[in-house]
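The values are calculated or read from the model by the stated rules, or taken from the named source; none is laboratory data. This structure is a prediction, so every number in the text was calculated from the model and none was measured. Counting neighbours? That spans all protein chains shown, and the Cβs are built from the backbone with ideal geometry, glycine included.
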Amino acid sequence: MTITIYGIKSCSTMKKAFTKLDALNVSYEFHDYKKQGIDKESIQRWVNELGIDKVLNKRGTTWRKLDDDEKQAADANVDAAIDLLVENTSMIKRPMVEGQSDDKTQGQPVLLCGFNEAEFDTNFS
């Protein structure tokens, strides 16, 4: 099983996800947006699979601090929203969990956005 969990180490939701993956004995690599950044291709892949509304976190302070023009551009154009996410990784919903699970999903790709304990159980136990 090859799993990467993307996010910010200090985030409380990330801590829940780490705890759950550890409890399920899932090995994973952690990709810290703050230290490592994120490439546009990864975000594009997530948006293609899940939709921009799922990936873009509009509840956080980073989104609220944007000026109205940036918000309107992101709402009107997915490419503009993706560019904003590359520049402002705090606006990506956390965690993003991506990889392949060879157990329950028979090698099917896994892509989870946000922490939902039931989804983690379904995909990793």
Boolean, ILE8 is surrounded by 15 or more Cβ atoms within 10 Å (Cβ to Cβ), touching a Gly at 6+ places or on another chain (Cβ under 9 Å) and among the aliphatic types (A, V, I, L, M): no
Conditions (1) over 13 Å from the mean Cα position of the chain (by Cα); (2) closer than 18 Å to ILE3 by Cα; (3) not hydrophobic (A, V, I, L, M, F, W, C): number failed by SER42: (1)
Flag for LYS93 being within 15 Å of the chain's Cα centre (by Cα), modelled with pLDDT of 95 or more and closer than 19 Å to ILE8 by Cβ: yes
Residue, nearest to the chain's Cα centre (by Cα), within the range 108-125, restricted to residues that are in a loop (DSSP other than H, G, I, E, B) and surrounded by 16 or more Cβ atoms within 10 Å (Cβ to Cβ): GLY114
Test: residue in the range 66-89 that is within 13 Å of ILE5 (Cβ to Cβ), touching a residue at least 12 places away in the same chain (Cβ under 8 Å), buried (at least 17 other Cβ atoms within 10 Å of the Cβ) and in contact with a Phe, Trp or Tyr (Cβ under 9 Å, 6 or more places away or on another chain): no
